[in-house]
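Rule-based calculations on the coordinates, nothing more; no lab input. Predicted model, so just to flag it, every value in this text is computed and none were measured. All Cβ positions, even for glycine, are placed from backbone atoms using ideal geometry, and neighbour counts span all protein chains on display.
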Amino acid sequence: MRDNLVEIRGLHFAYGNRPILKGIDLTARRGQVIAIMGSSGCGKTTLLRLIGGSVRPTQGSVEVDGQSLTGLDQDGLYRLRRRMGMLFQFGALFTDMSVFDNVAFQLREHTNLPEPMIRDLVLMKLNAVGLRGAHGLMPAELSGGMARRVALARAIALDPMLIMYDEPFAGLDPISLGVTGNLIRRLTDTLGLTSIVVTHDVQESLKMVDYVYFISDGVVEARGTAAEIKSSGLPFVHQFVHGEEDGPVPFHYPAEPYGVDLGLNHA
Amino acid sequence: MLDGVRKLGQHSIDGVWRLGVAMRLFALTLLHSGICLRRPQLVMREIFTAGVLSLIIIVVSGLFVGMVLGLQGYETLQKYGSESALGSLVALSLVRELGPVLAALLFASRAGSAITAEIGLMKATEQIAAMEMMAVDPIARVVAPRFWGALISMPLLAAMFSAMGIMGGYLVGVVLIGVDEGSFWSQMQAAVDFRQDILNGVIKSGVFGVAVTGIALFEGYDAPPTAEGVSRATTRTVVTSSLAILALDFVLTAFMFRGA
């Protein structure tokens, strides 16, 4: 078995004429939690979509479990996706189904398991995220943090090899934040998964990740373990980790000189 | 001037492009319809939400339309002393035209808009993307059952509309005004032909069903995933499918009843 579950080489991607990713190299080793960080709109989520095969790279390769995504047809892609889970930013639970039916969704779609066994499996998955008691609720009755935990239970329903998290910490209160962070770590370790977390929550994610990739302007700006990132001297990483207002990422959107815009002096 | 021409060209290309995307979705829907036979409960659910839940508006509207037909028909017919033909007038106008057309218009605004809004919101909240990531094809799981559910409901609702309308006509014509009950029903029986009238009415409502659900599903699937995008798509569903129903009705009537 290969050591690396996900291997990305020289990845380029553009929406139309607008380049988003310009040559990314990234690997995720089995059993690790990898964080992809960077400012909003730098292409992190697009990177997840490329690993999931929802969009195709303009150049370069993406391999998951030794299988290249580029030449895969829809059947092959769907076969591979059954072994991947993805946690969307706000959970993306099916709003017309109960918590139980949401978690059971993939089991019912992809397996012929009898209903009593599905029930046991769903309750086990919900127990793993601490929400066994909430199986009868509808998604509208859940808080943001709970909805994301249900979505996590749904993502691990078929025991995937890889889980991708899109901004799992966005908009959570401090308690849910800690709970979610611990869950990602614990599930990765106990289920033998590999996790890729896209986030800009530096403090929470540095507590539990094994390796960090910093993306800025479509390239990997910095990489390293959590400790290496914390002590990094690179200006961009320093600004990001410490949340400084101005630095390599400017506070101001590019504009005419202030005086010219206000008509005080002429360019 | 040149700018205007350019805009016109852009609009036409956009229109043709959208038509192509719609046809592609339609073809994919038909291609992925096997799931509806394998798991009929998925279609059953949609028949309930699109069909059964539309029943109240169909029944009430049908009743009132029939009552108005009874009143107006009697007013005109009695001038010629042929009020006994009220039954055939009410039944023929409902079964041939008003039943399929009005039921389809009501269906477009009640169920069509709901389908567009639901699919648009599923897209906006990433439920469609989540389904794709779980290796479940949303066209098979979400679109196809809705298409067949709505398509099966449409002729049934139209029939319901016509039946209620005839009841309304009977109520006003016979019970209220006092047209002879025997001639009301017997004239109706004699005038309405099963193939020429009822079957053609069913065919009409089937065609309207394809148009309304096709438009509703496409608009929902194509809606930009924002609040504004979904609201615009919902409006477009009602406007486009209403126009499509009326235009198709003319074409179908021209083919079905010319010279008859």
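Working from the alpha-carbon coordinates of the protein assembly as shown, get Rg over Rh, Rh being the Kirkwood radius.
Rg/Rh for the protein assembly as shown comes to 1.11.
Pairs of alpha-carbon atoms within less than 8 angstrom and 6+ residues apart define the contacts here; what relative contact order does the stretch B:112-254 have, in percent?
Here the relative contact order equals 46 percent.
Between the stretch B:32-99 and the stretch A:163-203, what is the separation of their alpha carbon centroids in Å?
If you average the Cα positions of each part, the centres end up 55 Å apart.
Could you pull the Rg and Dmax for the stretch A:196-267, using just the Cα atoms, both in Å?
16.8, 53
Computed from the mean reciprocal separation of all distinct C-alpha pairs, what Kirkwood hydrodynamic radius does the stretch B:42-254 have, in Å?
Taking every pair of different Cα atoms in the stretch B:42-254, averaging 1/r and inverting gives 18.2 Å.
For chain A, what's the relative contact order in percent, using C-alpha pairs closer than 8 Å and at least 6 residues apart?
Result for chain A is 24 percent.
Would you mind listing how long chain A runs along its three principal axes, going by Cα atoms, in whole Å with the largest first?
Each principal axis gives a Cα extent; for chain A these are 76, 41, 36 Å.
Please report the antiparallel percentage of DSSP beta bridges with both residues in the protein assembly as shown, rounded to the nearest 5.
55
Quote the relative contact order of chain B in percent (integer), defining contacts as alpha-carbon pairs under 8 Å separated by 6+ residues.
32
Looking at chain A, which longest stretch skips every one of the GluC sites (Glu not before Pro) that is in a DSSP loop with at most 16 other Cβ atoms within 10 Å, leaving the sites themselves out?
Maximal segment without exposed cleavage sites: A:1-243.
Which residue, B:Ala114, B:Ala216, B:Ala191, tops the fluctuation ranking in a GNM of chain B built on C-alpha contacts under 10 Å?
In the Gaussian network model the winner is B:Ala191.
Kindly point out which whole DSSP H helices in chain A project their C-alpha atoms 24 angstrom or further along the helix axis while averaging a Kyte-Doolittle hydropathy of -1.0 or above.
For chain A, where a helix must reach 24 Å along its axis and average at least -1.0, the hits are A:174-191.
Which pairs in the list A:Lys44/B:Lys123; A:Lys44/A:Lys230; A:Lys207/B:Lys123 are over 22 Å apart, alpha-carbon to alpha-carbon?
In this structure, A:Lys207/B:Lys123 exceed 22 Å between Cα atoms.
With r as the distance between the Cβ atoms of B:Ala190 and A:Asp96 and R0 = 45 Å, compute the FRET efficiency 1/(1 + (r/R0)^6) and round to 0.05.
0.35
Can you give the percent of C-alpha pairs in the stretch B:1-79 whose distance is more than 20 Å?
69
Quick one: which residues, 5+ away or cross-chain, put their amide H under 5 Å from the amide H of A:Glu221? H built at 1.01 Å from N.
A:Phe214, A:Ile215, A:Ser216
Near the amide H of A:Gly85, under 5 Å away, which other amide H atoms are found, from residues 5 or more places off or on another chain, if H is placed in the peptide plane?
Correct list: A:Leu162, A:Ile163, A:Met164.
Mind pulling up the Rg/Rh value for the stretch A:16-135? Radius of gyration and Kirkwood radius, both on Cα.
Rounded to two decimals, Rg over Rh is 1.02.
Residue by residue through the stretch B:28-41, which ³J(HN,Hα) values in whole Hz follow from phi under the Karplus form 6.51 cos²θ - 1.76 cosθ + 1.60 (θ = phi - 60°), with glycine and proline marked x?
5, 4, 5, 5, 9, 7, x, 4, 5, 7, 5, 10, x, 5
Treat each spin label as a single point 7 Å out from the Cα along the C-beta direction, and report the A:Asn265 to B:Thr235 distance in nm.
If labels sit at A:Asn265 and B:Thr235, their model points lie 4.8 nm apart.
Across peptide A:94-102, what mean number of C-beta atoms from other chains lies inside 10 Å of a residue's C-beta?
The mean count of partner-chain Cβ atoms within 10 Å per residue comes to 2.
With everything on Cα atoms, drop me the angle between helix B:113-124 and the longest principal axis of chain B, reported from 0 to 90° to the nearest 10.
Value to nearest ten degrees: 10.
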